[in-house]
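The structure under discussion appears below in the form of structure tokens.
The values are calculated or read from the model by the stated rules, or taken from the named source; none is laboratory data. As the structure is a prediction and not an experimental result, all values here were calculated from the model. Here the Cβ is made from the backbone with ideal geometry for all residues, glycine too, and neighbour counts use every protein chain on show.
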Amino acid sequence: MTTGRNRRNVTLVSTIIRTSDLTKHYGRTHALDGLDLVVEEGQVHGFLGPNGAGKSTAIRIMLGLARATGGSVEVFGSDPWADAVELHRRIASVPGDVALWPNLSGGEAIDFLSRLRGAGRHDEGYRAEKDRLLTEFQFDPTKKGRAYSKGNRQKVALIAAFAVPADLYVLDEPTSGLDPLMEMVFRREVARLRQRGATVLLSSHILSEVEQLCDHVSIIRSGRIVESGTLADMRHLTRSEVSFEASGIDALDGMANIHDPRWEDGRAAFTVDSDAVTAVLPDLAARQVEGLRINPPSLEELFLRHYGNDGDVGGAGDVDGAESQEATAADPPLTRRERRERP
């Protein structure tokens, strides 16, 4: 298995995270119900679902912060529950709700978190990268932790994660509380990680964020993966939108392979299966249509396919305020038994 240190000398792609039939129960609450997830080396992998779908529970197990009820999980080929200390030397993680030490300044918190991952106090490379990130995120490191807003607490965790190189970045709703400008900074930093060849697991319910950053996506629903693959592969599961200038709906007469034909605002429009777009192009060319537009399916359509038709785990229209079993039960501290059983 390759690591970030010898990746350049090995051409084979290794599996960084693998879960198989992973379950996590809190009493009668099934936060995970047979999760199968694979994240390969070098991927920016989107872990997509609304609040309450099981994302944070899965991440806590991957980080060795909770023990699975059943199934298996491997990170870098190791059990995160048994080998958490060793694995955390290679992982940078950012939670969705950051808590800070109230009497430490933001800069002190960043330094402390970074030292836990191997950054030296007088390491010039670390100090230069930290200063760059402080500027990029427009962050004042002199204030005490108790004075920071949610967005600024999130910046502390992001700066600490990005300032020290890691093989795997596990980001759980990392832009929660950030304004749009800072979200753009975050996206640039993830792009830098991609260029370095790092692996990123990005948990989010923000569709545009996942679509812009990720090359692979897994959609989770009710504690299990319901769709997974590259964005290009997954777009074949939905339809493209086609429209052109026309005087009426009769402009679509005789066209094959089209769905939902309509005419509105001076344009004839229809949908077509994504793998059949090329089949309709000759017909459109023969009709000498003008103002042709072809819009490929978006990640939002894929998401709505699984969440838009019912109220399961907070429908897609209400992901931010979704109340769910996971929201109340998925993130408790370790139980006495778990603390006792930890290696």
Of the numbered conditions (1) modelled with pLDDT of 90 or more; (2) surrounded by 14 or more Cβ atoms within 10 Å (Cβ to Cβ), Gly266 satisfies every one except a single condition; which is it?
(2)
Within segment 91-122, the count of residues that are surrounded by fewer than 16 Cβ atoms within 10 Å (Cβ to Cβ) and farther than 29 Å from Lys55 by Cβ comes to 4
So Phe162, is it without any contact (Cβ under 8 Å) to a residue 40 or more places away in the chain, surrounded by 15 or more Cβ atoms within 10 Å (Cβ to Cβ) and of a type in the set (A, V, I, L, M, F, W, C):
no
What residue, of Val242, Val200, Val217, is closer than 18 Å to Asp273 by Cα, at pLDDT 90 or above and either among the aliphatic types (A, V, I, L, M) or assigned to a helix (DSSP H, G or I) (or both)?
Val242
Looking at segment 278-308, which of the residues that are surrounded by fewer than 16 Cβ atoms within 10 Å (Cβ to Cβ) and hydrophobic (A, V, I, L, M, F, W, C) is nearest to Gly49 (Cα to Cα)?
Ile294
When restricted to Val190, Val210, Val272, Val217, the only residue among the aliphatic types (A, V, I, L, M), assigned by TED's automatic domain parsing to the domain that holds Gly54 and touching a His at 6+ places or on another chain (Cβ under 9 Å) is Val217
Which condition does Asp250 not pass, out of (1) farther than 25 Å from Leu207 by Cα; (2) of a type in the set (D, E, K, R); (3) buried (at least 17 other Cβ atoms within 10 Å of the Cβ), if it passes all the others?
(3)
Name the pairs: first residue in segment 198-226 and closer than 16 Å to His306 by Cα, second residue acidic (Asp, Glu) and crowded, with 21+ Cβ neighbours inside 10 Å, Cβ to Cβ under 7 Å, at least 6 apart or on different chains?
Ser204/Glu173
Examine segment 145-158 for a residue that is surrounded by fewer than 18 Cβ atoms within 10 Å (Cβ to Cβ), closer than 14 Å to Val94 by Cβ and not assigned by TED's automatic domain parsing to the domain that holds Phe47, and state whether such a residue exists.
yes
Counted residues, segment 174-197 - those being in contact (Cβ under 8 Å) with a residue 60 or more places away in the chain and outside any helix (DSSP H, G or I):
3
Working only within segment 245-299, note down all residues that are of a type in the set (Val, Ile, Thr) and part of a helix (DSSP H, G or I).
Ile249, Val277, Thr278, Val280
